[in-house]
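Student: Let me give you the structure first, and then I'll get to my questions.
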Amino acid sequence: MGEKLSKEYNPTAVLQEIEDKFQMFQILNENGEVVNEEYDPKLSDEELIELMTRMVYTRILDQRSISLNRQGRLGFYAPTAGQEASQLASHFALEKEDWILPGYRDVPQIVWHGLPLWQAFLFSRGHFVGNQAPEGVNVLAPQIIIGAQYVQTAGVALGLKKRGKKNVAITYTGDGGSSQGDFYEGINFAGAFKAPAIFIVQNNQYAISTPRDVQTAAKTIAQKGIAAGIPCIQVDGMDALAVYVATRDARERAINGEGPTLIETVCYRYGPHTMSGDDPTRYRTTDIDNEWAAKDPIVRFRNYLEGKGLWSEAKETEVIERAKDEIKEAIKKADEAPKQKVTDLISNMYEEMPQNLQEQYEIYKAKESK
């Protein structure tokens, strides 16, 4: 009987060695203090203020969207509070010509990329106009099928490469999405063809009610990129500067022909998974909620900017009031959109309708004309 495998060949030891190398990247601590000076991106004062503005605005958008949903004025809605740094700081590192393939929680990114807010509201209502991005706004409609956007992103990124574009395709999913087959297929395909893609997993700790620690045996979600042979990093998702730097660097590698990157942003969603009946109090404790509330991305960034003399209560109030006014106008415009008809769904799907649908189309057309 031979000797047991030595450390360098022992699968358990190799796994442990790899997992030990994954340390969460952070620039701002929970108090908004710089703890990793060498990686400070040195954004201009104007850029810092703009990023904070977007985060505050989006928090108000989330609050108002929840209220509108409860009033029956919105349909499907997935709350975003707690993930502003993960979503908006990653988007802040992009260029206008980059493509975003969002999950259903990632409406803020595509709104800041150019999708009119009133159309985002129509998307929530299931109206087809909500999926019609204006010319020059490089976004796809939020994906409802969990993880499917990862495969699509690999394809879009490869298309950009073949066309010689110096742009990237970026996508988002949650920790639960990283357990889907599409997740692995997407990152593997992009890695094999060195497609300029950025894959972000927003690890908000729960896939609906399933805790992250029973989602996978992996110590980090980031390490899953190793199997696909692509760079991967775990980032403090409540730290806007760290998320920005990780995404900026991933984008630079991508457009330089070095292929995709997998980024895990460790964050938390303060609200339910969606407004469709989920009750987070059934699977989360008050202690856990309070622990993450102390890491709030907006509070952390506010402390940082106030320390630099760039932010104030008055400035934040101004952003909040502007957000409320613009949201009010957007929902009003959404209310004024023509009602969706069955014939719209059929005619939008097919250029040449098959016989059976042509017959149904005529039936519904007659009903709608009455």
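The values are calculated or read from the model by the stated rules, or taken from the named source; none is laboratory data. Everything numeric here is computed off the predicted structure, so don't read it as measured data. Quick reminder, even Gly has a Cβ in these numbers, built from the backbone with ideal geometry, and neighbours come from all protein chains shown.
Student: Kindly indicate whether any position in the range 64-76 is buried (at least 18 other Cβ atoms within 10 Å of the Cβ) and not in a helix (DSSP H, G or I).
Tutor: yes
Student: Determine whether the range 165-173 contains at least one residue that is at pLDDT 95 or above and over 25 Å from R105 (Cβ atoms).
Tutor: Yes; the residues of the range 165-173 include at least one that is at pLDDT 95 or above and over 25 Å from R105 (Cβ atoms).
Student: To continue, here is another question. If Y270 satisfies all but one of (1) assigned to a helix (DSSP H, G or I); (2) crowded, with 16+ Cβ neighbours inside 10 Å, what's the number of the condition it fails?
Tutor: (1)
Student: Another one. For E17, are the conditions met, namely being surrounded by fewer than 17 Cβ atoms within 10 Å (Cβ to Cβ), at pLDDT 95 or above and assigned to a helix (DSSP H, G or I)?
Tutor: no
Yes/no per residue for (1) closer than 14 Å to T247 by Cα; (2) in contact with a helix residue (DSSP H, G or I) (Cβ under 9 Å, 6 or more places away or on another chain); (3) among the aromatic types (F, W, Y):
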| residue | (1), (2), (3) |
| --- | --- |
| A78 | no, yes, no |
| A93 | yes, yes, no |
| G103 | no, yes, no |
| D106 | no, yes, no |
| W118 | no, yes, yes |
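Student: Then there's this: Of the conditions (1) small (G, A, S); (2) in contact (Cβ under 8 Å) with a residue 60 or more places away in the chain; (3) within 30 Å of G75 (Cα to Cα), A242 fails just one. Which one is it?
Tutor: (3)
Student: Here are the criteria: (1) in contact (Cβ under 8 Å) with a residue 60 or more places away in the chain; (2) within 30 Å of A337 (Cα to Cα); (3) not small (G, A, S). Tell me which single one K166 does not satisfy.
Tutor: Answer for K166: the failing condition is (2).
Student: While we're on this one: Evaluate the range 297-310: report whether one residue or more is of a type in the set (G, A, S), in a loop (DSSP other than H, G, I, E, B) and outside the structural domain of G72 (by TED's automatic domain parsing).
Tutor: No; the residues of the range 297-310 include none that is of a type in the set (G, A, S), in a loop (DSSP other than H, G, I, E, B) and outside the structural domain of G72 (by TED's automatic domain parsing).
Student: Among the residues of the range 83-95, how many are part of a loop (DSSP other than H, G, I, E, B) and under 12 Å from the mean Cα position of the chain (by Cα)?
Tutor: Selection size over the range 83-95: 1.
Student: Still on this structure: Can you name every residue in the range 248-270 that is touching a residue at least 24 places away in the same chain (Cβ under 8 Å), in contact with a strand residue (DSSP E or B) (Cβ under 7 Å, 6 or more places away or on another chain) and farther than 21 Å from E30 by Cβ?
Tutor: A250, R251, A254, P260, T261, L262
Student: Inside the range 184-241, can you point out the residues that are in a loop (DSSP other than H, G, I, E, B) and buried (at least 22 other Cβ atoms within 10 Å of the Cβ)?
Tutor: Of everything in the range 184-241, those that are in a loop (DSSP other than H, G, I, E, B) and buried (at least 22 other Cβ atoms within 10 Å of the Cβ) turn out to be A195, P196, N204, I221, I230, G237, M238, D239.
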